[in-house]
Each structure stands twice: as C-alpha cells, then as structure tokens.
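The values are calculated or read from the model by the stated rules, or taken from the named source; none is laboratory data. Note that the structure is a prediction, hence the values are computed from the model and not measured. Positions of Cβ are backbone-derived with ideal geometry, glycine not excepted, and every protein chain shown enters the neighbour counts. Heads up: the accessible areas ignore ligands, DNA and RNA and are worked out on the full protein's heavy atoms, side chains in. Shrake-Rupley method; radii C 1.70, N 1.55, O 1.52, S 1.80 Å.
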Amino acid sequence: MSHHEFLHGFRPGRLIAGLSVLTCAALYAGDAAGAWHTPWFTALPVVLGGLCLAGFAGSLHYGVRRRRARRKASAENRSAPASTSGSQAIR
C-alpha cells in the first residue's frame with residue numbers, strides 16, 4: 001500500500017468534480033474582475049458535465065478496485081486447503 005493510499009485513498013471522481021467546480025468559479029471570478037465576459041448559463045454545462053464525468057470516473061475506479069481485490073484474493077486462495085481429510089466439523 002502506498003503512502004498516499006494509506007492516508008485517504010485516491011478518488012478520481014472527487015478530483016474531477018472539484019476541478020469542474022473550481023473551473024466554474026475561476027470563470028466567474030475572471031468575469032467579476034473584468035478580465036473577460038462569462039455568460040450566466042456557463043455554470044450549467046461546466047458543472048453538470050464535470051459531475052457526469054466524475055460519476056463515470058468514480059464508477060470505473062470502483063470497478064478496477066473490485067477487480068484487483070478479487071484477483072488478489074484468488075491468488076491468495078490457490079494454496080492447499082487447511083484440511084484434506086474431508087471433515088468440515090465445527091469445534
């Protein structure tokens with residue numbers, strides 16, 4: 001496990017969602033400062049597009065994590081079983 005994952009784990013969906021909201025904020029900040037003109041409806045495609053992309057990235061990341069966990073568990077279970085006598089009695 002890497003140091004970064006140990007602290008909080010990488011979440012690409014949250015990263016993309018945050019970047020889309022920050023982009024929208026930067027666009028309106030530039031408009032407020034008079035650097036450029038940003039139409040009022042700009043927030044809709046920027047934020048909604050970012051949220052859709054974030055949802056896709058998050059679900060893709062979740063699928064990859066689950067697949068890696070299954071593959072790792074499968075590799076760990078390839079050793080000989082604990083009991084080969086056939087008895088599965090519970091103590």
Protection proxy ranking of 37-45, 22-30, 9-17 - average other beta-carbon atoms within 10 Å, highest first: 9-17, 22-30, 37-45
Once the Cα gyration tensor of the range 1-65 is diagonalised, semi-axes √(5λ) in Å: 31, 14, 5
Carbon plus sulfur fraction of accessible area for the range 1-75, probe 1.4 Å, in percent: 70 percent
Hz values of 3J(HN,Hα) by residue in the range 37-48 - Karplus curve (6.51, -1.76, 1.60), Gly and Pro given as x: 9, 10, x, 5, 7, 4, 5, 4, x, 5, 6, 5
Most positive-pole-ward Cα, 60, 74, 39, against dipole of the range 39-79 from beta carbon charges: 74
